[in-house]
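Structure record follows, encoded as structure tokens.
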Amino acid sequence: MSQIAALILAGGLGTRLAGADKAFVMLNGQPLISHLLTRLTPQVPNIAISANGDATRFDGFGLPVLPDLLAGKGPLAGVAAGLTWAMDIGATALLTVPVDTPFIPDNLAARLTPAPTVACYQGRQHHLVALWPAAVLPMLERFLEPDGQYKVRDFLKLIRARQVNFNAPTDPFLNINTPEDLAAATSHPVI
């Protein structure tokens, strides 16, 4: 039986939110990371946070904080660190979710199983809401070796990730990238 671990991708720069650390942007009285943990904790036995910089800012959550092992490689560097951690704890798949998507479905892990898969809503692929087989780590490391553009969608295509469509009245993968997104999220229905 496969064991799924989860990784919250919290390494973004938050440039459109005045450089805010997105994990700690407040939404309806709670930081975004708390919203995600509320949704993820019942779904998976192990969760880690992918983040660079001072890891102690996450001490209150009691979770492993994984820095990028491959600098300058974008979010796939976080995925690679997460896959390494997942393999170390015996997980066979890694669910990744960006920290700025607080409304993920409460059945996300189950719906994305078996890996490799990526979540879609109304024809739009949410590249980092994905379930990665731990076994793709060597392939990902090779993909990231040369200098260049590291597009998540290109790697998903390479590993033939299956798209899983989520039907809901509103986007369960709404990204909070701007102050306007944050304002809209305050009235977003939780699915």
Residue list for segment 172-184, restricted to those being under 16 Å from the mean Cα position of the chain (by Cα) and either among the small types (Gly, Ala, Ser) or under 17 Å from residue 96 (Cα atoms) (or both): 172, 173, 174, 175, 176
Test: residue in segment 151-169 that is modelled with pLDDT of 95 or more, within 16 Å of residue 77 (Cβ to Cβ), among the hydrophobic types (A, V, I, L, M, F, W, C) and touching a strand residue (DSSP E or B) at 6+ places or on another chain (Cβ under 7 Å): yes
Test for residue 88: is it out of contact with any Pro (no Cβ under 6 Å at 6 or more places or on another chain) and at pLDDT 95 or above: yes
Residue list for segment 65-80, restricted to those being crowded, with 17+ Cβ neighbours inside 10 Å, of a type outside the set (Asp, Glu), touching a strand residue (DSSP E or B) at 6+ places or on another chain (Cβ under 9 Å) and not in a helix (DSSP H, G or I): 65, 66
Candidate set from segment 130-169 (those that are touching a residue at least 60 places away in the same chain (Cβ under 8 Å) and not aromatic (Phe, Trp, Tyr)); member that is surrounded by the most Cβ atoms within 10 Å (Cβ to Cβ): 131
Pick from segment 88-146, criterion of a type in the set (Asp, Glu) and out of contact with any Gly (no Cβ under 9 Å at 6 or more places or on another chain), ranking: nearest to residue 72 (Cα to Cα): 145
Condition broken by residue 187, with the remaining ones in (1) assigned to a loop (DSSP other than H, G, I, E, B); (2) within 15 Å of residue 130 (Cα to Cα) satisfied: (2)
Test result for residue 99, over 11 Å from the mean Cα position of the chain (by Cα) and at pLDDT 95 or above: no
Of all residues making up segment 22-33, the number that are assigned to a loop (DSSP other than H, G, I, E, B) and either closer than 13 Å to residue 8 by Cα or touching a helix residue (DSSP H, G or I) at 6+ places or on another chain (Cβ under 7 Å) (or both): 1
So residue 92, is it farther than 24 Å from residue 35 by Cα and among the polar types (S, T, N, Q): yes
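The values are calculated or read from the model by the stated rules, or taken from the named source; none is laboratory data. Since we're looking at a predicted model, the values are computed, not measured. Because the Cβ atoms are built from the backbone with ideal geometry, glycine has one as well, and the counts that use them run over all protein chains shown.
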